[in-house]
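What follows is one structure encoded as structure tokens, with my remarks underneath.
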Amino acid sequence: MEALYLLIPLSVALVFIALWIFFRASDDGQFDDLVGPALRILQDDDKPPTDQKSSGEF
């Protein structure tokens with residue numbers, strides 16, 4: 001029973017800290033664009049460099 005006197009305030013404090021972190025991240029714009037980074041990785045931007053030496057022309 002004595003452990004509840006310690007665990008209940010600690011759990012309430014932990015919930016408030018988690019909510020504070022979530023709302024701070026939300027205010028900073030962390031969750032503004034959730035789709036962009038997922039689609040950006042699918043774009044193929046890997047193009048080989050075009051040198052004159054690699055194309056056979058000197």
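Nothing in this text is a laboratory measurement; each read-out follows from the coordinates by a stated rule. These figures come from a predicted structure and were not determined experimentally. For neighbour counting, all protein chains shown are included, and Cβ atoms are generated from backbone atoms with ideal geometry for every residue, glycine included.
On full extension, the segment bounded by Leu34 and Ala3 gains 7.0 nm, given 0.36 nm per residue less the C-alpha separation. Taking θ as phi - 60° and the Karplus parameters 6.51, -1.76 and 1.60, the scalar couplings of the range 20-26 work out to 5, 5, 5, 5, 5, 5, 5 Hz in sequence order, x denoting glycine and proline.
Each Lys or Arg adds one and each Asp or Glu subtracts one; over the other residues with Cβ under 15 Å from the Cβ of Leu34, this totals -2. With the simple spin-label model, which puts each label point 7 Å out from Cα in the Cβ direction, the Gln43 to Leu10 separation comes to 4.8 nm.
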